[in-house]
Amino acid sequence: MSTVRDWAAPNPVTENRTGLIGRPVDRYEGRLKVTGTAPYAFEVETPAPPLYGHIVSSTLARGRIVSIEVSAAEAAPGVVRVWTHLNVPAQAARGARLNPRSQRASNPALESDRVEHYGQSVAFVLADTPENARAAGGLVRIVYEAEPADLDFLSSLDQAGPAPGEEDMRVGDFEAGYSASEVTVDATWFSPLQNHAQMEPCATTAWWEGDKVVVHTSIQMVKGGQHALAETLGIPSDRVRLFTRYIGGGFGGKGQSYDDLTLAALAAREAGQPVRVAYTRQQMFQATIHRPAVQMRVRLGADRSGRLNAMALEAVTHCARNAPFVEHAANFARNLYAAPHRLTGHRLVRLDIPHAGAMRAPGEAPGMLSLECAMDELAETLGLDPIELRIRNEPLADPETGKPFSVRQLVRCMQEGAQQFGWDRRNPAPGAVRDGRWYVGMGMATAIRGNFLLPAKAGLRLTGDGIATLTQGMTDIGTGTYTILAQITGETLGLTLDQVRVELGDSDMPPAPGSGGQFGAATAGSAAFETGMVMRRRLAELAAGDPTSPLYGEDPTLMDFANGNIVLGNRSESLAALAARAGPEGVYVEGGISPAADARDWSQHTYGAQFTEVGVDSVTGEVRLRRMFGVFAAGRILNAKLAKSQITGGMIWGVGAALSEANPVDPRYGSFLHQDLGGYLAPVHADIVNLDAVLLDEADDKANPMGIKGVGELGICGAGAAIANAVYNACGVRLRDYPLTPDKVL
Ligand code: MOS
């Protein structure tokens, strides 16, 4: 496994002789998906006819179950079993770890009579069809004893306490620096609670083979899901085989497992038959995690030339009472702009509502909605162009740690973006541009998101048919993992894409961390690259040592790979022939990647600049996006089409965050007001008429051998702030309470 930075040597991937790296090839699994034949977790073939489970959710926010009446449900058509906390099979106590090095602790379902949030599982019905299970679920009668519940974030702000294990980050003396500043901004922004609403709900199909359970589930992390289930069942993890081959969206909401996984496994064991369990669309909103609301106070102090002297971003957010999670909305501010006096930190309010958790670009996504608007306000106060203000505060090294940047092309993103967008046509005076009844304005904001490399492995087999098959316990949440791994494998071995197969999402495969934190492509891709390099060395040594090979006796380190052959000078042999001689199993190798020893010596991020033009209806207050454009720098781009798709998808989420997405808590029940996409408003095609993104050429040689960074979360960062700034430029109204709905604009 490559663990040190030894990647200065000639590199077949950075040379890109097949031209596969970066090429906008179609998705490896795209045909299966668009023809409806990719088997998602709920749809996989089972070894015997399955039963169907339905989870019954609590209608109480906090309290206990006094009585639960299941006889009507048990007598309903097709019902096999009904479970409550009184008769659910034994599971490990919450938080237990059988294997102390397990990646996850146990997470039992229906564990007690306690109810801790609306939408918590309180009963489970197993039946012959999904319809019968769901219908019977409606017959379960529960009497609750309610307890007082804290449901409202803003009225609970006085209960905000420190985030566990965290302290504020202070550099210099913020208060002194701020009060000595010639020009200041002090304002507070609010970003509401948001939901993931993945197209595919969380779902599991499970069956047992002897004492081993096989589960197909929809989860972003293979090992995490395997271990969570093993710990919950109290069995060693090698008795859980977890598959997650196709995932209909994750976004952080499937970074963990839910009760569908546990209950499907328990029910399949008890019934001696495969079981399928899926959450309903409505359940997805409250039985899984959401992005919490965040209140953010920003204070900026600058001199008249626009140099920041003091900068503070203080965020207050919320989490479930017994499930601490911090939306790190202030963290990005630690790396973005120079200012000698700095203060950033988080406070947490505990509420009796469903669990808060990670959602696309946790931290930056809501956080940048504040600071990037505060910078716009400061620019206006100073009479400076917002880009010029940012350039004047561009740090030479990381503003808090002093570490050098690996690569930082933020200024170039802003300048190229400005040029391509036509930023020079912006009239800085708000309300000055009209188009009929519309006020028209432009806004910009920056984007920043961290870059991470985690340890990962991969397996690679070359068979006598000349096909290379990469296997990795990795996931593709719709982001393109299959495709980029095929491209990398093809390039390392000099093969075409139709000579490469990729198999993912099986806990028996060499482990990878999964998809999250935009580390997936860099991590899985680097492991695939290293594994391809191991295969090259193995094949070269095989050829050199095989008297029947034309390359026999030659120096393996001089051999090259191209067009399906291993080559030295004018001699060559096909990889197919070499693999065929190795036997029916061909040649199999494993390889992997770990962060380089000096990885933390660098401040390493992805960057971008977001530009928008909006119209604000002078009569209704409606905001319509007219144009949106971004320029991003995110390391080496593996597939231009898929990377752009990730970036523009993130930008569209930013449009939702700015203009429509919010889910208020119903103070009567502790439920969310919206439980479907009719009420929870994400942008649709008609909202996104003219949106484009450009990815700069970049390779970050401090990141990994190929210089890859992540793109999955960068696009949402700053996108909503650029819209809010455009709304101000259009109509002169500073709105700090997202989403910017017509009632607030008027
Ligand atoms: Mo992500 S929100 O870190 O899966």
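The values are calculated or read from the model by the stated rules, or taken from the named source; none is laboratory data. What you see is a predicted model; the values in this text were computed from it and never measured. Glycine also receives a Cβ, built like all others from the backbone with ideal geometry; neighbour counts cover every protein chain displayed. Remember, those area values only see protein heavy atoms, side chains included, never the ligands or the DNA or RNA. Shrake-Rupley method; radii C 1.70, N 1.55, O 1.52, S 1.80 Å.
Just checking, which of Leu696, Leu681 is away from the ligand (no atom under 16 Å from the Cβ), open to solvent by 50 Å² or more (accessible area, probe 1.4 Å) and at pLDDT 95 or above?
Leu681
Any idea which of Ser645, Ser671 is of a type in the set (Gly, Ala, Ser), under 30 Å from Ala61 (Cα atoms) and away from the ligand (no atom under 16 Å from the Cβ)?
Step by step, each of Ser645, Ser671 is checked, and only Ser671 is of a type in the set (Gly, Ala, Ser), under 30 Å from Ala61 (Cα atoms) and away from the ligand (no atom under 16 Å from the Cβ).
Residues being within 16 Å of the ligand (Cβ to nearest atom) and of a type in the set (A, V, I, L, M): count how many of those fall in the stretch 457-489.
Number of matching residues: 2.
Restricting to the stretch 239-256, give me the number of residues that are away from the ligand (no atom under 16 Å from the Cβ) and either of a type in the set (Ser, Thr, Tyr) or closer than 23 Å to Arg94 by Cβ (or both).
4
Can you find, within the stretch 459-518, the residue that is farthest from Met221 (Cα to Cα) among those that are part of a loop (DSSP other than H, G, I, E, B), hydroxyl-bearing (Ser, Thr, Tyr) and in contact with a strand residue (DSSP E or B) (Cβ under 9 Å, 6 or more places away or on another chain)?
By that ranking, first place goes to Thr463.
Would you confirm whether or not the stretch 408-418 contains a residue that is more than 30 Å from Thr606 (Cβ to Cβ) and polar (S, T, N, Q)?
No, the stretch 408-418 contains no residue that is more than 30 Å from Thr606 (Cβ to Cβ) and polar (S, T, N, Q).
Quick one: would you say Arg360 is away from the ligand (no atom under 16 Å from the Cβ) and farther than 15 Å from Trp423 by Cα?
no
Confirm whether Ala315 is open to solvent by less than 20 Å² (accessible area, probe 1.4 Å), away from the ligand (no atom under 16 Å from the Cβ), of a type outside the set (Lys, Arg) and touching a helix residue (DSSP H, G or I) at 6+ places or on another chain (Cβ under 9 Å).
yes
Of a type in the set (Val, Ile, Thr) and open to solvent by 60 Å² or more (accessible area, probe 1.4 Å): which single residue out of Val34, Val70 fits that description?
Val34
Could you list all residues from the stretch 519-534 that are of a type in the set (A, V, I, L, M, F, W, C) and in a helix (DSSP H, G or I)?
Ala521, Ala522, Ala524, Ala527, Ala528, Phe529, Met533, Val534 - these are the residues of the stretch 519-534 that are of a type in the set (A, V, I, L, M, F, W, C) and in a helix (DSSP H, G or I).
Assuming Gln295 fulfils every condition listed in (1) open to solvent by 10 Å² or more (accessible area, probe 1.4 Å); (2) touching a His at 6+ places or on another chain (Cβ under 8 Å); (3) modelled with pLDDT of 95 or more apart from one, which condition is it?
Of (1) open to solvent by 10 Å² or more (accessible area, probe 1.4 Å); (2) touching a His at 6+ places or on another chain (Cβ under 8 Å); (3) modelled with pLDDT of 95 or more, only one is false for Gln295: (2).
Just one of the numbered conditions (1) within 22 Å of the chain's Cα centre (by Cα); (2) open to solvent by 40 Å² or more (accessible area, probe 1.4 Å) is not true of Lys744; which one?
(1)
Under 18 Å from Met706 (Cβ atoms) and not in a helix (DSSP H, G or I) - does that describe any residue in the stretch 624-632?
Among the residues of the stretch 624-632, at least one is under 18 Å from Met706 (Cβ atoms) and not in a helix (DSSP H, G or I), which makes the answer yes.
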